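Colleague: Quick one: structure below, then a few questions.
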Amino acid sequence: MSAVGPAGAASRRHDLGAFIRDQRRTARLSLRKLSELAGISNPYLSQIERGLRKPSAEILQAIAKGLRISAETLYVRAGILDERGEGPDLVTEILGDHTVTERQKQALVEIYRSFQAETAAERAREVAASERGVPG
């Protein structure tokens, strides 16, 4: 993760908010419905979409769940996780495996993504603590 100045952070928040808004519209969800699905207030979601607030990893995970997209996508957009390089894509490998059933594939993918979200949330807490000057 690279250091980002105040202008870069504001730009990243704005880009993240615009991305969330686009995903919400694509999913044909109202602001109110997504806020309900994510378990956050309507005004707070609106502020995130307008780039006025920096959501925590937990909030991003809740929004991702409401949008039915991967939390990792939002973590990358928010700068919590670095975008993956050209390494192997485990989800694609799981989905292409013909030795397990579709139900088993979905269970494996859900477990894998929950581990990714947990790791990203921990990293976000560490970053937030370091920004506050709290030893990790």
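Colleague: Could you please find all residues in the stretch 29-55 being loosely packed, with under 15 Cβ neighbours inside 10 Å, among the small types (Gly, Ala, Ser) and closer than 18 Å to Ile69 by Cα?
Modeller: Residues satisfying the conditions are Ser30, Gly39.
Colleague: Okay, next question. Can you name the residue in the stretch 64-80 that is in a helix (DSSP H, G or I) and of a type in the set (D, E, K, R) and is also modelled with the highest pLDDT among such residues? Break it down stepwise before answering.
Modeller: Looking only at the stretch 64-80, we keep the residues that are in a helix (DSSP H, G or I), and these are 64-67, 71-78.
Right, trim to of a type in the set (D, E, K, R) and you get 65, 72, 77.
Numbers: Lys65: 91, Glu72: 83, Arg77: 85.
Going through the qualifying residues, I end up with Lys65.
Colleague: Now for a different question. List every residue pair whose Cβ atoms lie under 9 Å apart, where the two residues are 6 or more positions apart in sequence or sit on different chains, the first residue falls within the stretch 104-116 and is in contact (Cβ under 8 Å) with a residue 24 or more places away in the chain and assigned to a helix (DSSP H, G or I), and the second residue, located anywhere, is surrounded by 12 or more Cβ atoms within 10 Å (Cβ to Cβ) and charged (D, E, K, R).
Modeller: Arg113/Glu72; Gln116/Glu72
Colleague: Scan the stretch 59-66 and give yes if some residue there is surrounded by fewer than 14 Cβ atoms within 10 Å (Cβ to Cβ) and either of a type in the set (Ser, Thr, Tyr) or out of contact with any helix residue (DSSP H, G or I) (no Cβ under 7 Å at 6 or more places or on another chain) (or both), otherwise no. Can you show your working first?
Modeller: Of the residues in the stretch 59-66, the ones surrounded by fewer than 14 Cβ atoms within 10 Å (Cβ to Cβ) are none.
So far as the stretch 59-66 goes, no, none of its residues is surrounded by fewer than 14 Cβ atoms within 10 Å (Cβ to Cβ) and either of a type in the set (Ser, Thr, Tyr) or out of contact with any helix residue (DSSP H, G or I) (no Cβ under 7 Å at 6 or more places or on another chain) (or both).
Colleague: So Leu37 fits all but one of (1) at pLDDT below 85; (2) aliphatic (A, V, I, L, M); (3) under 21 Å from Val109 (Cβ atoms); what number is the exception?
Modeller: (1)
Every residue, every condition in (1) acidic (Asp, Glu); (2) surrounded by 14 or more Cβ atoms within 10 Å (Cβ to Cβ); (3) farther than 16 Å from Leu81 by Cα; (4) within 21 Å of the chain's Cα centre (by Cα), yes or no:
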site: Val91; (1), (2), (3), (4): no, yes, yes, yes
site: His98; (1), (2), (3), (4): no, no, yes, no
site: Thr101; (1), (2), (3), (4): no, no, yes, no
site: Lys105; (1), (2), (3), (4): no, yes, yes, no
site: Glu110; (1), (2), (3), (4): yes, no, yes, yes
site: Glu118; (1), (2), (3), (4): yes, no, no, yes
site: Ala121; (1), (2), (3), (4): no, yes, no, yes
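The values are calculated or read from the model by the stated rules, or taken from the named source; none is laboratory data. Treat the numbers as computed from the prediction; the structure is a model and nothing was measured. Cβ: placed from backbone, ideal geometry, glycine included. Neighbour counts: every protein chain shown.
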